[in-house]
Amino acid sequence: MSLQLSTQDQAKLSGKQGPAVQMAMSILVQMAEVYGASELLDITGAHIDSTIYIGEAGLEFAERLASLGAHVAVPSTLNVSGLDEHHWQEWPVPEDWARNAHRQMVAYQSMGVVPTWTCAPYQSDMRPKFGQQIAWGESNAIVFANSVIGARTERYPDLLDICCAITARVPAVGLHLKENRAGDILINLVDLPLEVGKDDSFYPVLGHLMGKVARDRIPVVTGLRAHPTEDQFKALGAAVATSGTVALYHIVGVTPEAGTLESAFQGREPVEMINVTMDDLRLAYRELDTYEGDQLDMVALGCPHFSIEEFKRLIPMLVGMQKHADVEFLVTSSRAMIELAIKAGYVNVLESFGGRVTVDTCILATPMLPPAIKTLMTNSGKYAYYAPGMLGTSVVFGGLEDCVQSAIAGYIVRDNSIWVR
Ligand code: F3S
């Protein structure tokens, strides 16, 4: 069926609402045809991931839209940029990179997008509600919005996300439609101990395993007796959208579209059923490590961006302690969370410990790491997955407490007791 445009869509496409809207609409229409959409839908919000500076093309696109007077038509948030705008000089970020990354920040801000500069927009007060149609970029944000909140977004690639925000429209395909939100495969956690289900380090591991098994399909999880916290959901989503391209998962009895197994599958049969044992999880845990020694150069926390709840958990571990002089201790977060952390006195404690904070960006989005950083420890499945390839560092995965204890000791220490037989 060919794409039917409303009268308003046609007005946008014809340039009646200005050249920026026309440009955005023409890109959106072409993409909608590629996706096989028969119509476009209204959205109530967008999260723009085209913000990371990765080269001239993305910058030129942003500046072109800005020069045409582009303005978002729905409340929209900005993902991380390629620069900590006010603190990049504290790290070895090349000046020409900083200049271009900053131009890209300026271009997107000029379009009326709220400068949240975070990959965890669900932590902001612009969090969508159940059932709302939105256009979100950034894989961890997409899977959180769909799975945990029950809002509806497809996986919006860079550049298309801003076109949706400018036109306030999306192709009516994929996860925007209820019938496409049913589970595909069943992942049954066999005899998962309750204490494992409550442990923070379980969620990146489960996400890593789920992503590998599900790839681009919708997994439905059974057998989880614990109810994950927001930060555990965040860690799960970041990992599942990294080792796979999962944009929606269901956990029976936990996530909003999975009250029962039947509702998670919308009455259909799973196309595949997989039993996951503790042995499978142990294997996934080991896969997050790419280093076997105990040398440590950096601890990196905050992928996705650290929440205020995570600060609350972290800070008591740091009080009166001092990190080892040879280990960098970095927390990446958003301006909004850091403001709360400053007010609560958390940042003072972190800095007395010897830790540092970076906002607006992260170690994968800006070239901030000194070359001396060769071994990195993190509690994030996403950092663990990408850092070896993108940064050339070896990575050790561990829980939050392991990361802190290692930073104090100056070498890697881990309490593996829940993972070791
Ligand atoms: Fe966010 Fe960077 Fe991780 S964008 S999800 S902190 S890789």
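The values are calculated or read from the model by the stated rules, or taken from the named source; none is laboratory data. Computed from a prediction, not measured in an experiment: that's the story for all the values here. Note that we place each Cβ from the backbone using ideal geometry, even for glycine, and neighbour counts take in every protein chain shown. What goes into the accessible areas is simple: the full protein's heavy atoms, side chains included, and nothing from ligands, DNA or RNA. Shrake-Rupley method; radii C 1.70, N 1.55, O 1.52, S 1.80 Å.
Among the residues in the range 323-330, are any among the acidic types (Asp, Glu), without any contact (Cβ under 8 Å) to a residue 60 or more places away in the chain and either within 26 Å of residue 127 (Cα to Cα) or open to solvent by 80 Å² or more (accessible area, probe 1.4 Å) (or both)? Give the derivation first.
Of the range 323-330, the ones among the acidic types (Asp, Glu) are 326, 328.
Adding the requirement that they be without any contact (Cβ under 8 Å) to a residue 60 or more places away in the chain leaves 328.
Checking which are either within 26 Å of residue 127 (Cα to Cα) or open to solvent by 80 Å² or more (accessible area, probe 1.4 Å) (or both) leaves us with none.
Checked against the condition, which is being among the acidic types (Asp, Glu), without any contact (Cβ under 8 Å) to a residue 60 or more places away in the chain and either within 26 Å of residue 127 (Cα to Cα) or open to solvent by 80 Å² or more (accessible area, probe 1.4 Å) (or both), the range 323-330 yields no hits at all.
Residue pairs whose Cβ atoms lie under 9 Å apart, separated by 6 or more positions or on different chains, with the first residue in the range 56-78 and part of a helix (DSSP H, G or I) and the second of a type in the set (D, E, K, R), are 58/158; 59/103; 61/158; 62/103; 63/103.
Taking the range 202-314 as the region of interest, the helices (runs of 4 or more DSSP H) fully inside it that hold 2 or more residues being within 30 Å of residue 371 (Cβ to Cβ) are 202-214, 230-243, 278-287.
Counting only residues that are open to solvent by less than 10 Å² (accessible area, probe 1.4 Å) and of a type in the set (Val, Ile, Thr), the range 62-90 holds 2 of them.
Name the single residue that is farthest from residue 281 (Cα to Cα) among those in the range 184-200 being of a type outside the set (S, T, N, Q) and touching a strand residue (DSSP E or B) at 6+ places or on another chain (Cβ under 6 Å).
From the range 184-200, those of a type outside the set (S, T, N, Q) are 184-187, 189-200; that's our starting set.
This time we only want the ones that are touching a strand residue (DSSP E or B) at 6+ places or on another chain (Cβ under 6 Å), so: 185-187, 189-190.
Details: 185: 18, 186: 16, 187: 12, 189: 10, 190: 11 Å.
The selected residue is 185.
Residues checked against (1) within 13 Å of the ligand (Cβ to nearest atom); (2) closer than 29 Å to residue 284 by Cβ:
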site	(1), (2)
322	no, no
327	no, yes
340	no, no
356	no, no
361	yes, yes
365	yes, yes
387	yes, yes
392	no, yes
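Out of all the residues in the range 151-161, is one or more open to solvent by less than 30 Å² (accessible area, probe 1.4 Å), away from the ligand (no atom under 16 Å from the Cβ) and not in a loop (DSSP other than H, G, I, E, B)? Yes, some residue in the range 151-161 is open to solvent by less than 30 Å² (accessible area, probe 1.4 Å), away from the ligand (no atom under 16 Å from the Cβ) and not in a loop (DSSP other than H, G, I, E, B).
Quick check on the range 119-145: of everything there that is more than 16 Å from the ligand (Cβ to nearest atom) and not in a loop (DSSP other than H, G, I, E, B), which residue is surrounded by the fewest Cβ atoms within 10 Å (Cβ to Cβ)?
Taking the range 119-145 and keeping what is more than 16 Å from the ligand (Cβ to nearest atom), we get 125-135.
Keeping just the survivors that are not in a loop (DSSP other than H, G, I, E, B) gives 133-135.
Numbers: 133: 21, 134: 29, 135: 31.
Checked the range 119-145; the qualifying residue surrounded by the fewest Cβ atoms within 10 Å (Cβ to Cβ) is 133.
Residues in the range 286-307 that are away from the ligand (no atom under 16 Å from the Cβ), at pLDDT 95 or above and open to solvent by less than 60 Å² (accessible area, probe 1.4 Å) were compared, and the one that is nearest to residue 202 (Cα to Cα) is 296.
Residue check: residue 105 meets all listed conditions (1) within 25 Å of residue 251 (Cα to Cα); (2) hydrophobic (A, V, I, L, M, F, W, C); (3) within 16 Å of the ligand (Cβ to nearest atom) but one, namely (1). Residue 186 fulfils the conditions (1) of a type in the set (A, V, I, L, M); (2) open to solvent by 10 Å² or more (accessible area, probe 1.4 Å); (3) assigned to a loop (DSSP other than H, G, I, E, B) except for a single criterion, (3).
Regarding residue 346, is this residue of a type outside the set (Gly, Ala, Ser), under 18 Å from the mean Cα position of the chain (by Cα), closer than 29 Å to residue 115 by Cα and open to solvent by 20 Å² or more (accessible area, probe 1.4 Å)? No, not satisfied.
Filtering the range 19-54 down to residues that are within 16 Å of the ligand (Cβ to nearest atom) and not in a strand (DSSP E or B), which residue is most open to solvent (accessible area, probe 1.4 Å)? Across the range 19-54, the extreme among qualifying residues is 54.
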